[in-house]
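The values are calculated or read from the model by the stated rules, or taken from the named source; none is laboratory data. Computed from a predicted model, the values in this text were never measured in an experiment. Reconstructed Cβ throughout: ideal geometry from the backbone, glycine too, with neighbour counts over all protein chains shown. We work out accessible area using only protein heavy atoms, side chains counted, and drop any ligands, DNA or RNA first. Shrake-Rupley method; radii C 1.70, N 1.55, O 1.52, S 1.80 Å.
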Amino acid sequence: MARKKSSGNTGSGPAGAPAARRVPMRDFSRSLPMSLLRAREAVMRQFRPSLRHHGLTEQQWRILRALAAVETIEVTELARVAFLLGPSLSRILRDLEARHLIEREAAKSDLRRAVVSISAKGLKLIEAVAPSSEAIYAAITKRYGARKLAELQDMLGVLEGSLSGMEAADEASAEADE
C-alpha cells in the first residue's frame, strides 16, 4: 500500500536530509551514553590493529589484562571486572584455555566454582603486546595532552563513583513492584 503524501512539509530538511523530529529530550548526539560510546570507539580504533596482529580480540585482551593484575580470580568476579556477560566469558575462557593462555581449576573453597589465572604463555603474550600498547598510549597522550588525559580519567572515575550508589531505573521499578 502506498503512503499518502502530506501537503506542506515533505519530511525532509536541507539537501534532502530527513527533517529533525521534536522529542522531549536532549539531542541524540549529546546523550551521555552515545558520547561515551563514540569516545570508546575512537580509542579502541587505535588499539584494534595491534590486538589483531597478536591474534586477540578486545574481550580476550581485557581478560588477559585483568588476569595479569591478580594471582587467581573466580570466574564470576572476572566477569564483573572485565564487564562481560557470563556466556560470553565462558566462550572466551574456553578459547584462551585452548590456546594455553590461561589456566582454570576448581576453587578450593567450593568445587562447583572455577578460578582462573594467566599462564606463563599468556604473560609472554602480554609482554609481546605491551610495547605496541604503550606506544599507542603515548600517541594518544601526545595528541590529547597528558594533563587532559589524566583529568579525563579522574572525571570518569568520579562519574562512575557518583553513579555507583544510584539505582538503575529498572531496578528501582522492580523493587517498587515487590
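What the table below lists for this structure:
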| read-out | value |
| --- | --- |
| Qualifying position, being in a helix (DSSP H, G or I) and more than 30 Å from residue 152 (Cα to Cα), among 65, 21, 80, 91 | 91 |
| Residue 110, sole failed condition from (1) in contact (Cβ under 8 Å) with a residue 24 or more places away in the chain; (2) not in a helix (DSSP H, G or I) | (1) |
| Qualifying residue in the stretch 158-174 (condition: open to solvent by less than 50 Å² (accessible area, probe 1.4 Å), in a helix (DSSP H, G or I) and modelled with pLDDT of 95 or more) | no |
| Residue match in the stretch 78-100 (condition: out of contact with any Gly (no Cβ under 8 Å at 6 or more places or on another chain), acidic (Asp, Glu) and surrounded by fewer than 12 Cβ atoms within 10 Å (Cβ to Cβ)) | no |
| Some residue of the stretch 101-120 being closer than 20 Å to residue 52 by Cα and either open to solvent by 30 Å² or more (accessible area, probe 1.4 Å) or touching a Pro at 6+ places or on another chain (Cβ under 8 Å) (or both) | no |
| Qualifying residues in the stretch 27-48 (those that are loosely packed, with under 12 Cβ neighbours inside 10 Å and charged (D, E, K, R)) - the one farthest from residue 132 (Cα to Cα) | 27 |
| Whichever residue in the stretch 49-62 is assigned to a helix (DSSP H, G or I) and out of contact with any helix residue (DSSP H, G or I) (no Cβ under 7 Å at 6 or more places or on another chain) and, among such residues, is nearest to residue 128 (Cα to Cα) | 53 |
| Selection within the stretch 76-96 - of a type in the set (Lys, Arg) and within 15 Å of residue 118 (Cα to Cα) | 94 |
